[in-house]
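Below is one structure, written out as structure tokens; the observations come after it.
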């Protein structure tokens, strides 16, 4: 479904990713784990077209997408929930959600159905429809960000640190909802600081260190790997 082949990425003259290759199959939950600054978010930003690789290629549904603009990549079926959420704080919850479908013709035609779907996942957002997004709690804002991305009806949903800054109860809710989205047929690519929860949820995972993938495997298998336990699970 999605394949990265030997990706090199630079910020100016500074190389951030070295020959990164990974694959995502339809229906999977794939986690990318690693320490802060390892390049996890850079991978998502490169897939979404916000950064262009200097070498390598990205294919989605057997077609190259790395030359495409970010808006065209969204139209092809890949949406990202960015770190920090990036909502419009002085717009209502409903307006923020509707923006997710506003510029994609096929998604725009399904706005009503998509809103009903998002409200079924996050009932609180229906109650908060007319409230300014900037007045919501951090957890509720994350719900809006995920809901906005789902409004585009993506085939792949990419989540960049969805639990960052949230209270433990809301972290559990975010993972619960992510699992539900996956069960409803949306493929998930997850970057998350909570390595334990990520590996529990993931079918497969990649370990990224200093811009290089150093390990990959089933999520449950990596949880028992000695290096992963020592470096990321505190065991």
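The values are calculated or read from the model by the stated rules, or taken from the named source; none is laboratory data. Because the structure is a prediction, the values reported are computed rather than measured. Note that each Cβ is placed from the backbone with ideal geometry, even for glycine, and that neighbours are counted across all protein chains shown.
Here's the yes/no breakdown for (1) crowded, with 22+ Cβ neighbours inside 10 Å; (2) touching a strand residue (DSSP E or B) at 6+ places or on another chain (Cβ under 9 Å); (3) modelled with pLDDT of 90 or more; (4) not in a loop (DSSP other than H, G, I, E, B):
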{"residue": "190", "(1), (2), (3), (4)": "yes, yes, yes, yes"}
{"residue": "205", "(1), (2), (3), (4)": "yes, yes, yes, yes"}
{"residue": "217", "(1), (2), (3), (4)": "no, yes, yes, yes"}
{"residue": "230", "(1), (2), (3), (4)": "no, no, no, yes"}
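Condition check ((1) surrounded by 15 or more Cβ atoms within 10 Å (Cβ to Cβ); (2) touching a residue at least 24 places away in the same chain (Cβ under 8 Å); (3) closer than 29 Å to residue 233 by Cα) across all residues:
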{"site": "54", "(1), (2), (3)": "no, yes, no"}
{"site": "65", "(1), (2), (3)": "yes, no, no"}
{"site": "85", "(1), (2), (3)": "yes, yes, yes"}
{"site": "109", "(1), (2), (3)": "no, no, no"}
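Mind listing whichever residues of segment 1-31 are under 20 Å from residue 161 (Cβ atoms) and in a strand (DSSP E or B)?
2, 4, 9, 11, 16, 17, 20, 22, 24, 29, 30, 31 - these are the residues of segment 1-31 that are under 20 Å from residue 161 (Cβ atoms) and in a strand (DSSP E or B).
Let's see how each residue does on (1) without any contact (Cβ under 8 Å) to a residue 24 or more places away in the chain; (2) touching a strand residue (DSSP E or B) at 6+ places or on another chain (Cβ under 6 Å):
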| residue | (1), (2) |
| --- | --- |
| 9 | no, yes |
| 17 | no, yes |
| 34 | no, yes |
| 38 | no, yes |
| 72 | yes, no |
| 94 | no, no |
| 97 | no, no |
| 115 | no, no |
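Return the residues of segment 90-107 that are at pLDDT 90 or above, surrounded by 13 or more Cβ atoms within 10 Å (Cβ to Cβ) and assigned to a loop (DSSP other than H, G, I, E, B); say none if nothing qualifies.
91
Please enumerate the residues belonging to segment 32-78 that are part of a strand (DSSP E or B), at pLDDT 95 or above and either in contact with a helix residue (DSSP H, G or I) (Cβ under 7 Å, 6 or more places away or on another chain) or within 18 Å of residue 150 (Cα to Cα) (or both).
32, 58, 60, 78
Determine which single condition residue 39 fails, assuming it passes every other condition in (1) within 19 Å of residue 187 (Cβ to Cβ); (2) buried (at least 19 other Cβ atoms within 10 Å of the Cβ).
(1)
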